[in-house]
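Single-structure report; data block below.
The values are calculated or read from the model by the stated rules, or taken from the named source; none is laboratory data. What you see is a predicted model; the values in this text were computed from it and never measured. Note that we place each Cβ from the backbone using ideal geometry, even for glycine, and neighbour counts take in every protein chain shown.
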Amino acid sequence: MGSRGQKDIAAGIGYNKSYKICRHFQRGRIPMPAHYCPLHARLFRTSKNEWIDFPREKIEGIKSLYQFFQRRDIDTPEYLVIETACDQCDVQRFQDKVRKIASP
Ligand SMILES: [Zn+2]
């Protein structure tokens, strides 16, 4: 009887829900949009915090998957592709800057 009362209290304060959310984060399965550089075909891997080469055909597949889910009102932020500058873009930008300074 005592344990049942505790469960009710836990449910009342949303303990179970927050516990589930907590476990979700712990497993590193937070749904996050993908960051992709279309110029260099590079994808940012959040789990390893690094840029990796990623084929354009694959990213197109992910994009169409996202559209597919969106049309059915299913929230899937992990399939959202955000086009952004990658590490190589940064290198290029830096080199351009140096070149501008170096050239008379
Ligand atoms: Zn790039």
* Exactly one of (1) modelled with pLDDT under 95; (2) out of contact with any helix residue (DSSP H, G or I) (no Cβ under 8 Å at 6 or more places or on another chain) is unmet by T84. Its number? -> (1)
* What tally of residues in region 30-57 results from selecting those that are surrounded by 11 or more Cβ atoms within 10 Å (Cβ to Cβ) and more than 16 Å from the ligand (Cβ to nearest atom)? -> 5
* To do: Consider only pairs whose beta carbons are under 7 Å apart and that are at least six residues apart or on different chains; among these, list those whose first residue lies in region 77-104 and is assigned to a helix (DSSP H, G or I) and whose second residue is within 16 Å of the ligand (Cβ to nearest atom) and not acidic (D, E).
  => D87/W51; Q88/H40; Q88/R42; C89/C37; C89/L39; C89/H40
* Among what's in region 70-96 and is more than 14 Å from A34 (Cβ to Cβ) and more than 16 Å from the ligand (Cβ to nearest atom), pick the residue that is surrounded by the fewest Cβ atoms within 10 Å (Cβ to Cβ). => D73
